[in-house]
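Just so it is clear, none of the values below were taken in a lab; they were calculated from the coordinates. What you are looking at is a predicted structure, and each value in this text was computed from that prediction instead of being measured. Heads up, the Cβs are rebuilt from the backbone with ideal geometry, glycines too, and the neighbour counts pull from every protein chain shown.
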Amino acid sequence: MTEAEVETELVRAIEHVQRESRSDCPPVDGSTRPIGDLEGFDSLNGVEAGAQVADHLGLQMPDNPFVDERGRCLTVKAAAQRILAANKTPAKMSGGAK
């Protein structure tokens with residue numbers, strides 16, 4: 001699994017969540033910080049999008065891939081990197097696909 005593949009799935013999941021919540025969704029890419037950049041996208045939406053990616057790709061997922069351990073909101077690219085790193089050390093993860 002590559003970073004680009006995870007980013008692509010994150011973008012798809014974000015766009016799906018935005019459509020389902022009937023919120024505007026400007027173009028999303030690796031530099032987008034969903035929490036803060038997208039109307040109505042909050043931490044619960046981040047959890048939902050993460051769960052969709054976990055299910056689709058069969059990866060372990062941080063509780064919210066778009067928020068780091070210090071509570072900072074992450075870009076799509078940083079979230080993809082976080083997910084890949086988490087799957088190299090599954091003992092540090094909680095939640096996600098089984």
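Of all residues in segment 9-62, which are within 12 Å of Ala79 (Cα to Cα), of a type in the set (Gly, Ala, Ser) and surrounded by fewer than 16 Cβ atoms within 10 Å (Cβ to Cβ)?
Ser31
Is at least one residue of segment 67-80 out of contact with any His (no Cβ under 9 Å at 6 or more places or on another chain), among the aliphatic types (A, V, I, L, M), exposed (fewer than 13 other Cβ atoms within 10 Å of the Cβ) and without any contact (Cβ under 8 Å) to a residue 24 or more places away in the chain?
As a first pass, look at segment 67-80 and keep what is out of contact with any His (no Cβ under 9 Å at 6 or more places or on another chain): 67-80.
Restricting the remaining residues to those that are among the aliphatic types (A, V, I, L, M) gives 67, 74, 76, 78-80.
Those left that are additionally exposed (fewer than 13 other Cβ atoms within 10 Å of the Cβ): none.
No, the conditions are met nowhere in segment 67-80.
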